[in-house]
Amino acid sequence: MDEISSDPASPQFAARRAKAREELDAIDPAKNPELLNAAPADPLRRDWFEAVYRLAQNDPARVPWANLAPHPLTKAWVGAQAKGVSGLRALDVGCGLGDNAECLAAAGAKVTAFDLVPAAVEWARTRFPRTEVEYQGADLFALPNAWRGAFDLVHECYTLQALSAPLLPQALAALASLLTPNGKLLLIARARDEDAASEGPPWPLPPSIFAEARRQGLTPLSIEDIAATADVGRRHWRALFGRAEGRAL
């Protein structure tokens with residue numbers, strides 16, 4: 001691919017992405033009831049996510065969430081931290097091609113990053129051959145025991161919104177379990193009103209996600225309701241949580 005066609009702002013990149021979205025939607029059981037009824041149970045949509053990377057054939061335009069740059073809300077948050085993130089042990093959840101993990105590492109954090117799909121992990125390693133990030137394959141619902149209570153900062157961008165509603169309590173509990181006693185969870189997701197229709201995936205998160213987070217051992221420290229802008233495109237939540245005091249993990 002030449003430089004222009006690999007530029008996410010280019011018309012060529014946008015055209016390839018639009019075509020890929022149509023093709024991927026057509027094979028997504030979550031968007032096609034007939035496929036869902038015929039397919040074996042796959043609540044994490046693992047098969048579909050693996051298909052995304054397999055069909056991409058090393059073209060990032062064909063990975064719908066790969067913009068080859070940190071998420072703007074992540075980058076802005078990291079840059080705004082008065083004490084910085086330098087020296088913090090950080091975990092990037094659902095790392096994809098690695099841009100958010102590398103943003104945290106560039107700010108001095110000691111970063112572990114994981115993805116459900118091994119091909120995503122390998123692609124991230126290839127993109128950043130001199131990285132200090134430790135990239136791993138892992139499942140949010142079956143995390144390594146060594147990660148329990150081990151991270152000062154957990155970064156979650158767009159993973160929760162890719163899960164169906166019944167999985168969210170368990171996912172939030174898993175995220176809470178990763179935090180040190182003074183650790184923080186940074187959550188970034190598309191947002192919707194509580195009573196708004198939600199067609200997905202992805203499924204924008206309603207305000208009730210914050211009450212559920214409290215039930216799963218997380219204390220909201222700040223909740224930003226960010227309107228659509230040129231940078232983020234749609235309404236988003238950016239929320240920071242701490243581990244609930246006295247909560248056993």
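Could you tell me what percent of the DSSP beta bridges with both partners in the chain are antiparallel, to the nearest 5?
Just about 45 percent of them are antiparallel.
Considering only Ala150, Ala230, Ala165, give the residue with the highest GNM mean-square fluctuation for the chain, with springs between Cα atoms whenever their separation is below 10 Å.
Result: Ala230 has the largest fluctuation of those listed.
Given H placed on each backbone N at 1.01 Å, which residues far from Tyr135 in sequence or on other chains put an amide H within less than 5 Å of it?
Those lying under 5 Å, H to H, from Tyr135 are Ala113.
Can you give the convex hull volume of the alpha carbon atoms of region 98-194 per residue, in Å³?
Taking the convex hull of the Cα positions in region 98-194, it is 116 Å³ per residue.
Towards the positive end of the charge dipole of the chain, with charges on Cβ (+1 Lys, Arg; -1 Asp, Glu), say which of Asn67, Gly149, Ala230 has the farthest Cα.
The listed residue farthest towards the positive side: Gly149.
If you look for lysine pairs in the chain that are eight or more places apart or on different chains, how many of them have Cα atoms under 26 Å apart?
Lysine pairs satisfying the spacing and distance rule in the chain number 7.
Determine the relative contact order of region 11-62: mean sequence separation of Cα pairs under 8 Å and six or more apart, normalised by residue count, in whole percent.
Computed value for region 11-62: 46 percent relative contact order.
Taking the Cα centre of region 72-243 as origin and charging only Cβ (+1 Lys, Arg; -1 Asp, Glu), how large is the dipole, in debye to the nearest 20?
Here the size comes out at about 440 debye.
Do you know the relative contact order of the chain, to the nearest whole percent, from alpha carbon pairs under 8 angstrom that are 6+ apart?
Over the chain, the number comes to 14 percent.
What is the packing order of peptides 237-244, 177-184, taking the mean over residues of other C-beta atoms within 10 Å and listing the highest first? All intermediate terms of the calculation are to be shown ahead of the outcome.
Numbers: 237-244: 20.9, 177-184: 18.2.
Going by the mean number of other Cβ atoms within 10 Å, highest first, we get 237-244, 177-184.
Can you tell me the convex hull volume per residue for the chain, based on C-alpha atoms, in Å³ to the nearest whole number?
Roughly 133 Å³ of hull volume per residue.
Using 7 Å Cα-to-Cβ label points, what is the Gln136/Leu221 separation (nm, one decimal)?
Taking the two extended label points, one gets 2.3 nm.
Given a 10 angstrom Cα cut-off, can you work out which residue in Leu73, Leu91, Leu185 is the most mobile in a GNM of the chain?
Evaluated over the chain, the most mobile residue of the options is Leu73.
Report the extension gain between Leu167 and Thr229 in nm, rounded to one decimal, defined as 0.36 nm multiplied by the number of residues separating them, less their alpha carbon distance.
On the way: separation 62, 0.36 × 62 = 22.32 nm, distance 2.93 nm.
So the chain would gain 19.4 nm between Leu167 and Thr229.
Hand me the GluC sites (Glu not before Pro) from region 169-249 located in a DSSP loop with no more than 14 other Cβ atoms within 10 Å, in residue order please.
Details: sites: Glu194, Glu199, Glu212, Glu224, Glu245; in loops: Glu194, Glu199, Glu245.
For GluC sites (Glu not before Pro) across region 169-249 that sit outside H, G, I, E and B with at most 14 neighbouring Cβ atoms in 10 Å, the list reads Glu194, Glu199, Glu245.
May I ask you to derive the FRET efficiency for Ala82 and Glu34 from their Cβ-Cβ distance with R0 = 51 Å, giving the value to the nearest 0.05?
That pair, Ala82 with Glu34, gives E of 0.45.
Full-extension gain between Ser198 and Ala41, please, as 0.36 nm times their residue separation minus the C-alpha to C-alpha distance.
Numbers: separation 157, 0.36 × 157 = 56.52 nm, distance 2.20 nm.
That pair, Ser198 and Ala41, stretches by 54.3 nm at full extension.
Give, in nm to one decimal, the length gained when the segment between Asn145 and Asp59 is fully stretched (0.36 nm per residue of separation minus the Cα-Cα distance).
27.5 nm
Would you calculate, for the chain, the mean residue ellipticity at 222 nm contributed by helices, counting each DSSP H stretch of 4 or more residues as -39,500 (n - 2.57) and dividing by all residues, to the nearest 500? Let's see the in-between values first.
Details: 8 runs with 78 residues, N = 249.
Result for the chain: -9000 deg cm²/dmol, rounded to the nearest 500.
What residues from region 181-216 fall in the zone where the backbone N is under 17 Å from a label point 7 Å along the Cα-to-C-beta line of Glu245?
181-184, 214-215
Under a crude label model (7 Å from the Cα following the beta-carbon direction), how far is Glu22 from Ala119 in nanometres?
2.1
Each value in this text was obtained by applying a stated rule to the coordinates, not by laboratory testing. Only a predicted model underlies this, so the values are computations on that prediction, with no experimental measurement involved. Using ideal geometry, Cβ is built from the backbone for each residue, glycine included, and neighbour counts are taken over all protein chains shown.
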